[in-house]
1. When the residues of region B:85-110 are filtered to those that are at pLDDT 90 or above and within 8 Å of another protein chain (Cβ to nearest Cβ), which remaining residue is farthest from the chain's Cα centre (by Cα)?
2. Can you name the residue in region A:94-145 that is assigned to a helix (DSSP H, G or I), open to solvent by 100 Å² or more (accessible area, probe 1.4 Å) and at the interface with chain B (Cβ under 10 Å from one of its Cβ atoms) and is also modelled with the highest pLDDT among such residues?
3. Filter region B:48-74 for residues that are away from chain A (no Cβ under 14 Å) and either under 22 Å from the mean Cα position of the chain (by Cα) or buried (at least 19 other Cβ atoms within 10 Å of the Cβ) (or both) and give the result.
4. Given the conditions (1) more than 9 Å from chain A (Cβ to nearest Cβ); (2) under 21 Å from the mean Cα position of the chain (by Cα), report the number of the one that B:THR183 does not fulfil.
5. With part of a helix (DSSP H, G or I) and surrounded by fewer than 23 Cβ atoms within 10 Å (Cβ to Cβ) as the only criterion, which of B:THR78, B:THR25 stands out?
6. Determine, yes or no, whether B:TYR158 is closer than 19 Å to A:THR148 by Cα and open to solvent by less than 30 Å² (accessible area, probe 1.4 Å).
7. Of everything in region B:1-45, what is touching a residue at least 24 places away in the same chain (Cβ under 8 Å) and among the hydroxyl-bearing types (Ser, Thr, Tyr)? Give them in sequence order.
8. May I ask you to say which residue of B:ALA239, B:ALA219 is closer than 24 Å to B:VAL334 by Cβ and assigned to a helix (DSSP H, G or I)?
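The values are calculated or read from the model by the stated rules, or taken from the named source; none is laboratory data. None of these values were measured; they are calculated from a predicted model. Cβ atoms come from the backbone with ideal geometry, glycine included; neighbour counts cover every protein chain shown. These area figures cover heavy atoms from the full protein model, side chains too; ligands, DNA and RNA do not enter into them. Shrake-Rupley method; radii C 1.70, N 1.55, O 1.52, S 1.80 Å.
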Amino acid sequence: MEAVFFYVFGTLAVISALLTVTRRDAVASAFWLIFCFLSVAALFALLSAHFMAILQILLYAGAIMVFFLFVIMFLGKSQDRVKTSDWRVVALGVLSLIGATVVLTRLVGSTHAPFPAVADSYGGIEAVSEVLLTKYLFAFELTGLLLTAAVIGAVYLARREAPGSRGAKAPVVRGLTSQAATSTASSSAVQHEDVPHA
Amino acid sequence: MTWSDASLIAPILWVTLGGVAVLMTDAFWRRAGTGHLTAVSVVFLTIAAIYAARSDASGSAFAGALAADSFSAFFNLTFIVVALITLALGSSYFADEEQPLVEFFPLVMFATVGMMVMAAATDMITIFLGLETMSISLYVLAALQRRSILSMEAGFKYLILGAFSSAFLLYGMALLYGSTGSTHLPTMATAIQGVGFDRDLLFWMGWGFLLVGLGFKIAMVPFHMWTPDVYDGSPAPVAGFMAAGVKAASFAAMLRVVWTGLPALGDMWIDMLVVFAVVTMTAGNLIALAQSNLKRMLAYSAIAHAGYLLVGIVATTPSMTDPAARGILFYLMVYALMNLGAFALITLVSSREGEKVDLAGFAGLARRHPVISACVTVFMLSLAGIPPTAGFWGKVYVFEAAVRDGHTVLAVIALLNSAVAMFYYLRVVVLMYMREPEDEAYTGLDPQVGAAMVVLAVALLWIGLFPGPMAELARQGVSALAGSF
């Protein structure tokens with residue numbers, strides 16, 4: 001029974017992933033990607049990794065894809081659609097696909113490590129959180145620091161310089177000749193004005 | 001977490017606290033200039049340095065996530081020194097802008113934490129998180145001058161390529177986990193022993209990807225393409241921080257992985273590493289010859305030095321002899337000091353006149369600033385490896401170990417490379433002393449940066465004349481890992 005579900009969801013994941021990269025419409029691609037994420041979530045659930053399955057749906061299929069779609073729709077559909085790929089690109093893709101398949105099939109089962117069988121509760125919220133706060137406590141805390149640094153960076157880079165605030169004087173572009181500097185600086189200043197509205 | 005876990009990683013905790021404290025200082029006590037932020041950062045870094053220097057406790061902390069030993073203590077001290085000098089260079093450099101770039105301070109502190117974690121990590125997960133903490137802070141630091149198009153380009157390029165290399169690293173770690181059943185380096189070492197790993201594709205693919213990920217950070221050819229553009233676009237103090245800190249941290253993580261995690265594999269991948277070492281130093285030196293921009297020249301010189309350090313790793317791996325290992329640590333420390341010195345010169349020259357770092361900008365510098373020129377001469381001689389500077393001993397230790405280990409050809413190639421490198425390092429000295437100053441040449445003087453340069457030059461000369469104490473420190477650092485040899 002489990003095998004049946006595995007093949008069903010596995011096939012769905014592969015097909016939707018293929019559709020994601022072949023659709024020309026960005027919105028359609030994004031929706032197929034959501035479908036792909038949902039199928040992978042089902043695979044996680046089959047592996048009794050319930051927590052991962054929930055996260056996959058909440059974070060990837062939910063939050064991140066909403067973000068994707070938001071950006072796509074915000075930027076608007078581009079008029080000139082992506083051109084049909086060069087045959088060389090397609091050939092390269094097929095070749096790498098064959099290569100990856102050969103390597104991956106050889107990799108499957110080649111481990112020497114003794115992986116013990118696990119209980120059904122292995123991937124549950126309780127089990128994951130227990131490991132997270134005992135064995136991987138340092139990694140957990142360090143992730144907090146990493147995100148703090150990322151937030152500082154994001155806030156700094158996306159911050160809008162309000163007129164009249166300190167630093168809102170004439171822009172200085174280093175390393176360019178003066179004429180190029182003024183033109184680029186004014187365009188980059190406009191850009192900065194636009195960013196926060198996004 | 002117990003109290004002993006926390007006390008084992010006290011230097012890391014103090015630097016983290018310093019980063020948070022400097023953020024809070026800026027939020028609640030906003031004033032003109034950056035002096036108060038520098039003071040807060042320096043206080044916390046000094047406390048961390050005292051803890052790092054006095055630590056005699058050693059052991060594994062947080063269920064094997066990281067270890068406190070003399071190896072991590074050596075690198076903790078290195079990173080704290082690098083951070084202190086970076087702050088000395090950056091605080092006046094960024095205060096010059098119309099808006100002081102206060103984000104510089106917490107990001108340097110957090111990047112330092114990431115470096116310290118990388119050197120102490122004994123688990124692949126911790127290595128990865130340390131590397132990401134360091135990298136994310138540096139992506140932002142590279143793009144710190146938001147209105148400079150070059151700085152934005154540097155940050156963006158570093159972010160995209162860095163994320164790509166991190167993916168390689170993470171994939172490699174996943175494959176190694178699949179192959180050995182653990183992310184804990186000592187456990188991996190025991191898993192490897194006894195089983196024939198020489199024909200295990202899963203293991204070798206994992207190891208290869210891991211090498212790509214780390215090779216990107218140390219600017220190993222052919223993963224070096226980002227280096228010149230990122231160094232060139234980044235603000236000068238940040239570029240110096242990158243050159244000194246990132247290289248030392250990535251080599252520290254590499255040494256941990258090689259010595260603790262995979263000690264049994266020496267002979268199998270050594271040939272591959274010999275090729276990488278030769279290509280890296282030759283490409284770096286040859287391209288550096290053609291540079292007319294000092295920042296790009298130093299970027300290619302950084303690539304060449306990565307090649308010399310790889311020679312050191314080649315020499316240590318199979319027999320795990322002590323001198324070569326000691327040489328790498330010594331070299332990394334000295335390399336950090338002389339590179340910071342060279343980037344201090346760029347900080348000095350570029351802070352008042354835009355990013356004027358063309359080699360012609362230094363012409364005749366000796367007439368106006370004899371002391372600064374003397375310091376720069378020491379840095380360049382040290383980078384070239386000429387006695388009586390510290391860079392000479394770094395090369396002696398590494399190359400001698402390579403010869404003793406039977407890699408005579410490799411050592412000869414490295415020596416030839418050093419000879420080529422002398423040309424472009426000494427060209428700077430010649431320009432300073434033997435040319436007439438041009439109109440655009442640098443005239444001002446920033447006392448803080450000048451003081452940092454004098455301190456660095458004296459330190460390099462001191463280590464060059466009396467290499468004993470530093471070599472002993474490096475030997476102690478290595479001895480922590482010697483048990484696993």
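1. B:PRO106
2. A:GLU141
3. B:ALA48, B:ALA49, B:ILE50, B:TYR51, B:ALA52, B:ALA53, B:SER55, B:ASP69, B:SER70, B:PHE71, B:ALA73, B:PHE74
4. Checking B:THR183 against (1) more than 9 Å from chain A (Cβ to nearest Cβ); (2) under 21 Å from the mean Cα position of the chain (by Cα), the one that fails is (2).
5. Numbers: B:THR78 fails: surrounded by fewer than 23 Cβ atoms within 10 Å (Cβ to Cβ).
After applying the criteria, what remains is B:THR25.
6. On the way: closer than 19 Å to A:THR148 by Cα: no; open to solvent by less than 30 Å² (accessible area, probe 1.4 Å): yes.
So B:TYR158 does not fit the description; no.
7. Correct list: B:SER4, B:SER7, B:THR16, B:THR34, B:THR38, B:SER41.
8. On the way: B:ALA219 fails: assigned to a helix (DSSP H, G or I).
On inspection, the qualifying residue turns out to be B:ALA239.
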